[in-house]
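Structure first, commentary second.
Throughout, read-outs are computed from the coordinates displayed, never taken from laboratory work. All figures in this text were calculated on a predicted structure; none of them were measured in a lab. Cβ sites come from the backbone with ideal geometry, for glycine too, and all protein chains shown count toward neighbours.
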Amino acid sequence: MVPPASTVVMNFVNLDGTPHSAELIADKDPMPNMGGDPAIPTAYTTDLTQGLSQGGKDVMRFTAPPSGSFRIFCGVPGHGLSGMWIRFKVDPAAKSPRWVTS
């Protein structure tokens, strides 16, 4: 969870033997089969649908919008649908970034 207007920097490193990527999408169903239209411009890694190979690195940098619920989603076809995603929230009540699990 982050406050609005936060500068968000996500360092992405693929340590898996299978290609992966990351993209911020809206937290809604149905979830897409693959990446393609990020909810926030620049909130995605390179090679979104092909994925970065093992050891591949990229950085997502963006400014958080006023509010919203999103998913950090693997854009490789079928990966997000198989559970490779986690929620990301922009909350106007947040005073600083924090990790929240439920």
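Quick notes
- Remark: the Lys28-Asp91 segment gains 21.0 nm on full extension, using 0.36 nm per residue and subtracting the alpha carbon distance.
- DSSP beta bridge pairing in the chain, given as percent antiparallel to the nearest 5: 95 percent
- Pair Val2, Val100: separation of 7 Å Cα→Cβ label points (nm): 1.6 nm
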